[in-house]
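Step one of this worksheet: look at the structure below.
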Amino acid sequence: MREAAFVRQNKDKWVKYESLLLNNRTLPPDRLSDIYVEISDDLSYSKTFYPKSNTTKYLNGLASAAHQQIYRTKKESGNRLLNFFLKDFPAGFYKHQKLLLLSFLIFAGFSLIGAYSAFSDAAFVRSILGDAYVNMTLDNIANNDPMAVYKEMTETDMFLGITLNNIKVSLMAFSLGTLAGIGTIFMLMQNAIMLGSFQYFFYDQGLLWESARTIWIHGTIEISVIIVAGCAGLVVGKSILFPGTYSRLKSFSIGIKEGLKIVLSTIPFFIIAGFLEGFVTRITSMPDPVAIMIIISSLLLILFYYVYYPLYLLKRTTHEPRNNSI
């Protein structure tokens, strides 16, 4: 069957199901199960004959919405907050992974620009990081303790201060998405240029490894989750610029809800990053293998939660009806 005929044959049914699912109407479990099975069957057919089409993408989203409704209607013994982090959020995040990649590329690109600018102009680092910070760090280097800045505050004060500041940055990246995503891109640019120039500064001092193995103990999660927050802002921006079949207002409302979910998902990771910066990074005498293990573990945690796990849930969702597990 040609794709146009397949769409024409099923369009009214899909629109009806989409209205039922996205308007959060309460449906009997049996009815919800039947809808999920039908959508999954259509998705399976579409993936077989039109794997890269917009129809397949649309049905993927519809199947995910049905799957989330099923979990909401089940009687769960666990905590609702825990369910959000372990099921509800990751089950729907797969559809935003292209924007996550875009956020990463924007951040990586501007980080390289920051490093190159610092290489090209000796005064650039001071203009970005400030004279006070540069002078303090040079003094620390002269005193054979280049990472002493992480020891100036008490562990608890640093943990709380850094965590709250990072959450504020995350909320700003999300809220600036309302400027059609431009505000979010600008914020990613600011943080990325600062990071790039910061790392080049230590490279220029012959301390690239010393700085990297210390800073990235907490920075792996911290920077990664800032990029995720950037994704939240881009989701909002996309909802304004590309409303698709929705009215712009409806699309914006959906974008705000989706972006807010992404921001909420970052909070536990910012707490972890704040803990590492407040209590662990200051241990500058830590053996290299231990530091490397923390950095790699942090990176794997981020990749698992935001990249692998959503795709795993999507694949499980697609095949569940075949196992009669509902």
Taking alpha-carbon centroids only, region 93-137 lies from region 238-266 a number of Å equal to 27
q = 0.09, 0.13, 0.18 Å⁻¹: log10 I(q)/I(0) that the Debye formula gives for region 111-270, counting C-alpha atoms only:
-0.37, -0.70, -1.10
Exposed trypsin sites (Lys or Arg not before Pro) being those in a DSSP loop with at most 13 other Cβ atoms within 10 Å, the longest stretch of the chain free of them is 76-326
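Relative contact order of the chain, please, whole-number percent, based on alpha carbon pairs below 8 angstrom and at least 6 residues apart.
In percent, rounded to a whole number, it is 24.
Report D for region 34-156 in µm² per second (integer): Stokes-Einstein, Kirkwood Rh on Cα pairs, 25 °C, 0.890 mPa s.
Result for D is 123 µm²/s.
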Write out the chymotrypsin sites (Phe, Trp or Tyr not before Pro) in region 243-282 meeting two conditions: DSSP loop, and at most 15 other Cβ atoms within 10 Å of their Cβ.
246
By how many degrees, 0 to 90 and rounded to 10, does the Cα axis of helix 248-275 deviate from the longest principal axis of the chain?
40
Multiplying the sequence separation of residue 172 and residue 149 by 0.36 nm and subtracting their Cα-Cα distance, what value in nm do you get?
5.7 nm
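Please compute the volume of the convex hull spanned by the alpha-carbon atoms of region 104-193 and report it per residue in Å³.
So the per-residue Cα hull volume is 119 Å³.
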With r as the distance between the Cβ atoms of residue 186 and residue 271 and R0 = 25 Å, compute the FRET efficiency 1/(1 + (r/R0)^6) and round to 0.05.
0.45
For the chain, diffusion coefficient by Stokes-Einstein and Kirkwood Rh (Cα), 10 °C, 1.306 mPa s, µm²/s
72
Give the span of region 182-326's Cα atoms along each principal axis, as three whole-Å numbers ordered largest to smallest.
55, 42, 22
Per q in 0.20, 0.23 Å⁻¹, report the Debye log10 I(q)/I(0) for region 240-296, using one uniform scatterer on each alpha carbon and no solvent.
-0.77, -0.90
What angle do you read, to the nearest 10 degrees and between 0 and 90, between the alpha-carbon axis of helix 309-319 and the longest principal axis of the chain?
10
When 14, 216 are ordered from fewest to most other Cβ atoms inside 10 Å of their Cβ, what list results?
14, 216
Could you tell me how many degrees, from 0 to 90 and to the nearest 10, lie between the Cα long axis of helix 131-142 and the main elongation axis, the longest principal axis, of the Cα atoms of the chain?
60
For a Förster distance of 41 Å, can you work out the FRET efficiency between the beta-carbons of residue 203 and residue 156, rounded to the nearest 0.05?
0.80
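Here, each number is a calculation from the coordinates, and none is a lab measurement. Source: prediction; values computed, not measured. Don't worry about glycine lacking a Cβ; one is built from the backbone with ideal geometry, like all the others, and counts go over all protein chains shown.
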